[in-house]
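Here's the structure we're looking at; comments come further down.
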Amino acid sequence: MRTAPTILIIDDETGFRGAIRRFLSASYTVREAGTAAEGMQLAGMLEPDVVLLDIGLPDQSGLDLLPQLKELRPSPTVIMVTAYEQVRDVVQAMKKGAFDYLVKPVDLEEFEVTVKQALEYASLRHEVERLRQEMQRLHRVSTLVGSSPAFLEAQQLAIRSAQSPDAGVLLQGESGVGKELFARLIHATSPRATYPFVALNCAVFSPEIIESELFGYEKGAFTGARSEGKKGLLEAADGGTLFLDEVADLPPEVQAKLLRVLEEREFYPLGSTRKKTVDIRVVAACNRDLWQACEEGGFRKDLFFRLATIQIVLPALRDRREDIIPLARFFLEQFNDKYGKRFREISDEAKEVLLTHPWPGNVRELRNTIERIVLLEDDDLVLKRHFHFLRPQPGSATGPSAPEHGRFLVWENMPEEGISLEELERNIIREVYERCGRNKSKTARFLRIPRHVLIYRMKKFALDAELSSRDPPEAPNTEE
């Protein structure tokens with residue numbers, strides 16, 4: 001373990017190096033190099049905290065060596081040293097990342113202060129890097145496992161998009177593909193990494209609760225509000241990243257308020273007349289085509305363009321089968337540690353099960369499957385029989401042929417001359433609505449669309465007016 005900071009002197013003057021070494025060696029580990037080549041080699045081996053770099057080296061200018069030193073990881077803090085002070089050299093050195101600039105002969109008191117400041121700066125940079133790595137660990141960025149071209153392309157795009165502190169990112173893909181994990185990757189590799197990552201699933205709450213969760217509220221803002229009020233997620237995420245999962249389910253009134261936050265960086269908590277400012281980046285996710293929701297009137301186009309500066313489509317697990325076994329092994333190791341088990345490998349027959357199953361639940365289903373096996377079984381090898389609980393899926397190699405979805409609704413009455421797509425959709429909604437007891441919430445769940453989108457489509461097809469005279473009063477929606 002290093003007991004003292006390391007300082008590397010790169011200078012062609014033997015006398016200057018010796019004098020500085022004697023002055024510093026009582027408190028620091030000091031090494032010397034007389035050329036740029038020797039200095040670069042020592043810097044790569046020693047990982048010095050501070051480098052004293054002469055501009056006039058015999059084999060290369062110190063100004064040219066400086067960028068090479070700054071590319072090292074960890075990169076040292078560099079103090080430039082020269083016998084001739086020239087403003088142009090000073091400016092160039094600072095632009096290339098030098099911490100400070102000293103002129104020979106150096107004043108030892110000034111030199112000592114400069115070295116201490118450089119070491120404090122180096123220590124601070126190392127601590128920031130350590131915290132960044134810790135944040136990445138906490139955000140589970142290391143769990144991004146995959147080598148398929150589509151997955152790697154999505155991952156690289158996510159990392160590139162993270163370089164912007166505020167560009168909106170829209171993640172699209174089926175449930176279970178890892179959208180939140182990608183959102184955490186974007187946050188952890190962005191300039192906002194040391195600030196909070198806050199997540200909200202927009203499909204879980206009713207419109208009123210979503211609004212209070214996002215914006216917070218003042219004391220007595222509404223019936224049932226906490227007596228002391230509540231800080232919203234927007235304020236909690238200040239400086240960091242707000243992840244909005246299933247953003248298509250945001251109610252229209254909340255969409256309008258969120259748009260203002262993104263444009264003006266300000267908002268009012270519920271029941272408050274005091275404006276609050278906020279600096280956040282929003283990463284949104286959706287398990288269906290958000291632009292299609294815009295076209296159907298269920299989502300604001302102006303908000304879409306604010307959220308989707310960069311769009312990333314995450315592939316389903318069935319489309320990246322080369323990643324199934326590596327992912328399974330990763331989860332196996334993870335749950336071995338969690339449950340104290342000793343599974344060491346997956347049998348060939350078990351691999352066949354993994355590769356032929358369609359994984360409709362994607363990576364989440366695979367993870368849950370491996371966790372169940374590790375938790376309940378006590379072998380050292382994952383076997384085919386361990387997968388007995390997996391249900392054969394329609395269209396899979398182990399299941400029956402896929403049923404012809406859609407025929408059960410209106411196919412028997414399909415006119416021979418054909419029918420428009422809009423009329424077909426209208427008939428489907430009407431029939432499902434009738435079969436769900438004319439309950440809009442149940443109908444929306446059956447059709448896998450948000451309730452407000454169903455209401456919009458019913459109005460669009462004039463179903464609302466046609467059926468309203470026959471509708472019983474609908475019970476209050478307590479399920480959303």
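Those residues that are out of contact with any helix residue (DSSP H, G or I) (no Cβ under 6 Å at 6 or more places or on another chain), over 17 Å from GLN334 (Cβ atoms), in contact (Cβ under 8 Å) with a residue 12 or more places away in the chain and not in a loop (DSSP other than H, G, I, E, B), I need them from the range 356-393; list them, please. Correct list: THR356, LEU381. Filtering the range 160-171 to residues that are closer than 25 Å to GLU322 by Cβ and either exposed (fewer than 15 other Cβ atoms within 10 Å of the Cβ) or modelled with pLDDT under 90 (or both) leaves only ARG160. One residue is enough: does the range 274-283 have a residue meeting the conditions in contact with a Gly (Cβ under 7 Å, 6 or more places away or on another chain), part of a strand (DSSP E or B) and touching a residue at least 60 places away in the same chain (Cβ under 8 Å)? Yes, there is a match, as at least one residue in the range 274-283 is in contact with a Gly (Cβ under 7 Å, 6 or more places away or on another chain), part of a strand (DSSP E or B) and touching a residue at least 60 places away in the same chain (Cβ under 8 Å). Listed by first and then second residue, the pairs with beta-carbon distance under 8 Å, at least 6 apart or on different chains, first residue in the range 52-72 and assigned by TED's automatic domain parsing to the domain that holds GLN86 and under 20 Å from VAL103 (Cβ atoms), second assigned to a helix (DSSP H, G or I) and β-branched (Val, Ile, Thr), are LEU52/ILE20. Consider the range 76-105 and keep the residues that are crowded, with 18+ Cβ neighbours inside 10 Å and of a type in the set (Val, Ile, Thr). The one that is farthest from ASP49 (Cα to Cα) is THR82.
Take GLU71 and decide whether it is charged (D, E, K, R) and either loosely packed, with under 13 Cβ neighbours inside 10 Å or modelled with pLDDT of 85 or more (or both). Yes; evaluated as a whole, the condition is true for this residue.
Out of everything in the range 383-442 that is of a type in the set (Ser, Thr, Tyr) and surrounded by 10 or more Cβ atoms within 10 Å (Cβ to Cβ), what residue ends up being modelled with the highest pLDDT? Show your work before the answer.
Here is the first cut: in the range 383-442, the ones of a type in the set (Ser, Thr, Tyr) are 396, 398, 401, 420, 433, 441.
Keeping just the survivors that are surrounded by 10 or more Cβ atoms within 10 Å (Cβ to Cβ) gives 396, 398, 433, 441.
Values: SER396: 47, THR398: 40, TYR433: 84, SER441: 80.
Within the range 383-442, the match that is modelled with the highest pLDDT is TYR433.
Checked against (1) modelled with pLDDT of 50 or more; (2) within 20 Å of PRO207 (Cα to Cα); (3) among the hydroxyl-bearing types (Ser, Thr, Tyr), SER468 meets all criteria but (2). When VAL261 is tested against (1) at pLDDT below 90; (2) among the aliphatic types (A, V, I, L, M); (3) over 30 Å from LEU421 (Cβ atoms), just one condition goes unmet, and that condition is (1).
Taking the conditions (1) in contact (Cβ under 8 Å) with a residue 40 or more places away in the chain; (2) over 30 Å from GLU377 (Cα atoms); (3) surrounded by fewer than 19 Cβ atoms within 10 Å (Cβ to Cβ) in turn, ALA293 satisfies each one other than (3).
The single condition from (1) modelled with pLDDT under 90; (2) crowded, with 17+ Cβ neighbours inside 10 Å that GLY178 fails is (1).
Per the listing GLU253, GLU208, GLU263, the residue uniquely assigned to a helix (DSSP H, G or I) and either without any contact (Cβ under 8 Å) to a residue 24 or more places away in the chain or farther than 28 Å from GLY173 by Cβ (or both) is GLU208.
The values are calculated or read from the model by the stated rules, or taken from the named source; none is laboratory data. Every value quoted in this text rests on a predicted model; they were computed, and no experiment measured them. Cβ: placed from backbone, ideal geometry, glycine included. Neighbour counts: every protein chain shown.
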